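Below is one structure, written out as structure tokens, with a few remarks after it.
The values are calculated or read from the model by the stated rules, or taken from the named source; none is laboratory data. Given the structure is predicted, the values throughout are model-derived calculations rather than measurements. Every residue, glycine as well, gets a Cβ built from its backbone with ideal geometry; the counts of neighbours run over all protein chains shown. These accessible areas exclude ligands, DNA and RNA; they are computed on the full protein's heavy atoms, side chains included. Shrake-Rupley method; radii C 1.70, N 1.55, O 1.52, S 1.80 Å.
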Amino acid sequence: MVSEAPRFAFSIDAVDGRARTGRIRMRRGEIRTPAFMPVGTAATVKAMKPEAVRATGAEVILGNTYHLMLRPGAERVAKLGGLHRFMNWPHPILTDSGGYQVMSLSDLCKLTEDGVEFRSHLDGSKHLLGPERSMEIQRLLGSDIVMAFDECPRTDRPRTEIAASMEMSMRWAKRSRAAFDAGGEHAAGTALFGIQQGALDEALRLQSAEALQEIGFDGYAIGGLAVGEGQEAMFATLDFAPGQLPENAPRYLMGVGKPDDLVGAVERGVDMFDCVLPTRSGRNGQAFTWSGPLNLRNARHAEDGGPLDQRCACPTCASYSRAYLHHLQKAGEILGAVLVTEHNLWFYQQLMQAMRAAISRGQFAAFAAEFRRGYLSR
Ligand SMILES: [Zn+2]
């Protein structure tokens, strides 16, 4: 750790429309924004060595509290020196609170003001996850950016239900703040983000944003989107949600998304993203390119000696043809997943770099228009 680095400092280098580019400085390193965080669910970004993840340009990855608390267990990771050392990623790690995944993956037993009682999807064992335990787990993992514990309701629930859920998440945000602050040395060197809820409702989102700012956080996430509402409804919400959050703190859109989602969200003032899409798609033979996504299992690639993407600077595109990647996918070879995941993560980081450069030049609108012409053309 570099001790002269601040605990957490966010600065904006350039603004273009509502898009901004800047940097977060932390003890374990700098994160240029807009930033994309590859997802390292079970202490691994699937199919990638950490060195290869770093080579894509990624400066921060996401770890999942829910998965790690169940296997190998937060206490065990702490005993082994923390998550950075355990998985050999010495750079910043953001951990989610576990709330969203408990609700989507486990057998839910009971949701109360205390938190969530659930059964593990792995072995059926019973656990309680609430704000205090979530903060404790993220501290045991050694997370650099800790997320407040929240509940994420479906966007199609009745408004009264969404309001009640949001209000509980705000009470949990306050308890998360208190539990995080009681974390001693860990709290002194790391950051805590709050999470805005309120589904697609502008008034509820504002109420949530105000409640979070009253508590005070280092950064603010926009939660409760990308849960099936569709891009149009998500963008409509992003037309107002980022503006409700402080200008001088990073805004993080959780669980997003497709390349065109990222461009549209940066256009609306979002600074950080995470998504399993580039890694999950890589294992399924779907590759992202500047001309749109393509499925390598498709027979039209069988004799194509060209690279996945002419413009891509990744090691996969430098040395392997579409025909070979098609063959690996058809044969179910592990290397197919490795090479396409690597390309996809490089593509995402090249897209973020291109967006940062376009904002710096004051040409983001032109960049976004050109991106869409190429990406959405087919
Ligand atoms: Zn490539």
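Going through (1) assigned to a loop (DSSP other than H, G, I, E, B); (2) open to solvent by 20 Å² or more (accessible area, probe 1.4 Å); (3) touching a residue at least 60 places away in the same chain (Cβ under 8 Å) one by one, GLU4 falls short only on (3). Checking each residue in the range 226-280 for being surrounded by fewer than 17 Cβ atoms within 10 Å (Cβ to Cβ) and modelled with pLDDT under 95 picks out only GLY228.
Being modelled with pLDDT of 95 or more, hydrophobic (A, V, I, L, M, F, W, C), open to solvent by 20 Å² or more (accessible area, probe 1.4 Å) and closer than 30 Å to PHE235 by Cα is a property that holds for VAL15. Applying the criterion of at least 2 residues that are modelled with pLDDT under 95 and open to solvent by 10 Å² or more (accessible area, probe 1.4 Å) to the strands (runs of 3 or more DSSP E) found wholly in the range 85-195 leaves 107-112, 115-119, 126-129.
Here ALA43 clears all of (1) assigned to a strand (DSSP E or B); (2) of a type in the set (Gly, Ala, Ser); (3) touching a helix residue (DSSP H, G or I) at 6+ places or on another chain (Cβ under 6 Å) except the condition numbered (1). Residues that are more than 12 Å from the ligand (Cβ to nearest atom), free of Cβ contacts under 8 Å to residues at least 60 places away in the same chain and under 23 Å from PRO259 (Cα atoms) within the range 325-344 comprise HIS326, GLN329, GLY336, listed in sequence order.
Go through the range 206-324 and tell me which strands (runs of 3 or more DSSP E), entirely inside it, have 3 or more residues that are more than 16 Å from the ligand (Cβ to nearest atom), closer than 26 Å to VAL53 by Cα and not polar (S, T, N, Q).
In the range 206-324, the matching strands (runs of 3 or more DSSP E) lie at 219-222, 251-253, 272-275.
Answer yes or no as to whether ARG372 is surrounded by 20 or more Cβ atoms within 10 Å (Cβ to Cβ) and more than 16 Å from the ligand (Cβ to nearest atom). No, not satisfied. If the condition is being in contact (Cβ under 8 Å) with a residue 40 or more places away in the chain, in a loop (DSSP other than H, G, I, E, B) and over 23 Å from MET272 (Cβ atoms), then the range 48-80 contributes only ARG71.
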